[in-house]
1. Just the number, please: percent antiparallel of the DSSP beta bridges in region 3-76, rounded to the nearest 5.
2. Which entry is the computed Rg/Rh (Cα atoms, Kirkwood Rh) for this structure: [x] 1.14; [y] 0.94; [z] 1.24?
3. Taking the chain as the reference, fit the longest principal axis to its C-alpha atoms, fit the long axis of helix 3-22 to the helix C-alpha atoms, and give the angle between the two in degrees, 0 to 90, nearest 10.
4. Could you check the spin-label model distance between residue 75 and residue 49? Points 7 Å from the Cα along Cα→Cβ, value in nm.
5. Does region 19-62 come out rounded, prolate or oblate, given a ≥ b ≥ c as the square roots of the eigenvalues of its C-alpha gyration tensor, rounded meaning a/c under 1.5 and, failing that, prolate meaning a/b above b/c?
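Values in this text are rule-based calculations from the coordinates and carry no lab data. Note that this is a predicted model, so its numbers are computed, not measured. Here the Cβ positions follow ideal geometry from the backbone for every residue, glycine too, while neighbour counts run over all protein chains shown.
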């Protein structure tokens, strides 16, 4: 799968996750995809939140790893 298709799939999934993150006052924004890593920016209440790592790794990363071939990780920038 080429990078353009991966990015489109990632963006669709992030848009589906946003309402759940928004409910707690946070937000997530796709920044870039590079060498199997998805880079996102966490916004709002997510900034400085103690549950950020859990949200990112057990939520966003777990779903992207399962749904999008080629993804090896998610990093917040």
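1. 65
2. Correct label, based on the coordinates given: [y].
3. Its long axis makes an angle of about 20 degrees.
4. Taking the two extended label points, one gets 2.2 nm.
5. Prolate, since a/c reaches 1.5 and a/b exceeds b/c.
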